[in-house]
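Everything below concerns the one structure shown next.
Read-outs throughout are calculated quantities, based only on the coordinates presented, and are distinct from any laboratory measurement. If you're wondering where the values come from, they're calculated on a predicted model, not measured in any experiment. For neighbour counting, all protein chains shown are included, and Cβ atoms are generated from backbone atoms with ideal geometry for every residue, glycine included.
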Amino acid sequence: MNSTEENQENNSTSVKNGNLDNEKKSSPSPLGWLFIAVGLALFISYVVIPLFNNFISPGPQTGVGGGPPNSQEQQVNERGLTLSDVPIQSIINDRVFWVGPDDQNRVLVVAEDTISAEKISNLEIGQTVNLDVVVKELPSKENMIENWGLTDSQVSSIQSQPGYLSLRDISIM
C-alpha cells in the first residue's frame, strides 16, 4: 500500500470509530440556555417595550397616531384606542379631520355626536392632541355625505382608507 491509500484507510477507520475531532460541535448546556432566555427577556423588557411606550397611553387598547399606507390591507374591527401626541394634519369641517404626520400617513377622525362642534373648530393644523377613539369601517358614500357633511370629492379621497377613527374624547396638548 502506498501512503495515500494508508491515509484514506486511516481516515475511514477514524470515522467508523467515531473519532471526529475536527467536526466536534458543542451545544450550550441547560444553564447556557437559561442565560440565553434571560438575556432575551431582558432585551425585550428594557429595549423593545420602552421604544413603544413613548407613544402609548394606558387605555383599553393603545396605539400610535398616523395610519397605514393606502396599499396596506388591514382588517378593521371596532376597538377602543387611546392615542397620545397625535398631530392634526388637516381639518375638513367641525366634525371631520385628519391626523398623522403627513398626507401619505394619515387617518380620518370623525367626532361622535357627544363631542361638541366647538371642540373641533378650535383645533389648528399641526397642533398635537390626545384622542380616545374607536376604529370603525367606513359607511356608504351617501351616509358620509348626509351625516358627515362631506362633498363627493372629499368622499372619493376618503374611500381609499381601510376605515376611520370615531372620536369619543379629545384633549388638546
Between N93 and K136, what is 0.36 nm times their sequence separation minus the Cα-Cα distance? Round to one decimal in nm. 13.5 nm
Counting other Cβ atoms within 10 Å, keep those with at most 15, restrict to DSSP loop, and tell me which trypsin sites (Lys or Arg not before Pro) in the range 80-173 are left. none
Once the piece of chain linking S29 and I125 is laid out straight, how much longer is it, given 0.36 nm per residue of separation minus the C-alpha distance between them? 28.7 nm
Once both labels are modelled 7 Å past Cα along the beta-carbon direction, what's the A37-R168 spacing in nm? 3.8
